[in-house]
Structure formats: C-alpha cells, structure tokens
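Let me give you the structure first, and then I'll get to my questions.
Bear in mind these aren't lab numbers, they're just calculated from the coordinates by the rules spelled out. If you're wondering where the values come from, they're calculated on a predicted model, not measured in any experiment. Reconstructed Cβ throughout: ideal geometry from the backbone, glycine too, with neighbour counts over all protein chains shown.
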Amino acid sequence: MSAIPRKVRRRRYPGELVVEQTRNAKLVDAMIAAAGVTIAEIGSADDCFLAAFEGDDPVGIAGLATEVDAALLFILFVVPGRRRRGVGARLLAGVREAAQARGVRRLYAVALESSVDFFWRSGFASVNQSEMVETFSWTSTWPQTGCGSQGYSVLRTDLSA
C-alpha cells in the first residue's frame, strides 16, 4: 500500500510578511503582468521565483536565473500600495539566500533607473550591460538599448564574502 503524498502549505498570519519560493505559475504570471511585462520578455517559467505575501495577499515577486557561479535578478516587483514597507528588502534578502544556496558568487540585477539607489544601498554597483551579456549569453537577445538609455541599469554585487 503506497502513501498518498499530502500537499503541505505554510500557514500565513494576517499582517505577517513572508517570502517563499513559488512554483505557482498563475501567481507568477499575474505578478509579472502587474509589473507590466511578460515572462517571455524577461526570463523563463523554469527560473526560480520568490513571492512575498502579507498574510495571504501576494505583494511582490522576484525572479532569479542562475548560470554556474553567477545569478541574474531579472525582476523585483512590489505592488504599488505596499512599497516602502520593507517588502523589496525582504525579497532581495531571499534572492541572496537562494543564490548563495546555488553556489552563486556574483549576483547581477537589471533595475529601473528609479530603483538604482535601492540597489546601491544594498551593496550593488553599476556595471556595463556587456558584462551581463558575457556572463548570461541568453540576455544578448534583450534589446541593447534596453539598459541605460531606456531607463534600465545593470548592477552587480559579490556574494562570495
């Protein structure tokens, strides 16, 4: 007689901010759409996604793609009504933890110019898009004008310390 596996769901309490890895494709698609992009434009459904919840309400998402010892944070989105409340910082901490668990030494991020200060305060430094493309060859399909001139920057931080 084989045991039927039970789905385990973590209980989330009202007002509690929780960041957890998710494979819920509907949630990921909805959060990415709320950010104004599609998964095809920024990554792959096979990438690692972290979702932030306040109680049972999804309030943010982060997407992480890894290659050998480097990772790319290709989306960090917090719903507008929940910004400036620590959600982005908690998501970024979760991304760092997930990247380090995968043996990552360099973490890259693609960020809107309006959020570059957040990343600088979090230990990131600006780098050229060509460095990201050299590390993640698949990003070469992204428009070359997409970073810098169109309001995006590429940043990097060292996780090996």
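How do 31, 132 line up, fewest other C-beta atoms within 10 Å first?
Arranged by neighbour count, lowest to highest, 31, 132 become 132, 31.
I'd like to know which of 76, 38, 53 lies farthest towards the positive end of the charge dipole of the stretch 17-158, counting +1 on Cβ of Lys and Arg and -1 on Cβ of Asp and Glu.
Working it through, the farthest residue towards the positive pole turns out to be 53.
Which of 104, 114, 135 sits closest to the plus end of the dipole of the stretch 17-158, meaning its Cα is farthest towards the positive end, when Lys and Arg get +1 and Asp and Glu get -1 on the C-beta?
Checked the options; the winner is 114.
Moving to a separate point now. Ranked by Cβ crowding within 10 angstrom, fewest neighbours first, how are 126, 115 ordered?
The fewest-first ordering by Cβ neighbours comes to 126, 115.
Please list, in order along the stretch 66-78, the HN-Hα scalar couplings obtained from phi with the Karplus expression 6.51 cos²θ - 1.76 cosθ + 1.60 (θ = phi - 60°), rounded to whole Hz, x for Gly and Pro.
After applying 6.51 cos²θ - 1.76 cosθ + 1.60, I find 10, 8, 6, 10, 10, 9, 10, 7, 9, 8, 9, 10, 10 Hz.
Taking θ as phi - 60°, what are the ³J(HN,Hα) couplings along the stretch 85-92 by the Karplus curve (6.51, -1.76, 1.60), each to the nearest whole Hz, with x for Gly and Pro?
Ordered by residue, 3J(HN,Hα) equals 10, x, 5, x, 5, 5, 4, 5 Hz.
Residue-wise, which Karplus ³J(HN,Hα) couplings in Hz belong to the stretch 123-130, taking 6.51 cos²θ - 1.76 cosθ + 1.60, θ = phi - 60°, and x for glycine or proline?
3J(HN,Hα) across the stretch 123-130, in whole Hz: x, 8, 10, 6, 9, 6, 4, 4.
Please arrange 152, 13 by counting, for each residue, the other beta carbons lying within 10 Å of its beta carbon, fewest first.
13, 152
Send over the Kirkwood Rh of the stretch 90-136, from the inverse of the averaged 1/r over different Cα pairs, rounded to one decimal Å.
11.7 Å
Per the Cauchy relation, a quarter of the hull surface: what is the mean projected area of the convex hull of the alpha carbons in the stretch 17-158, in nm²?
7.7 nm²
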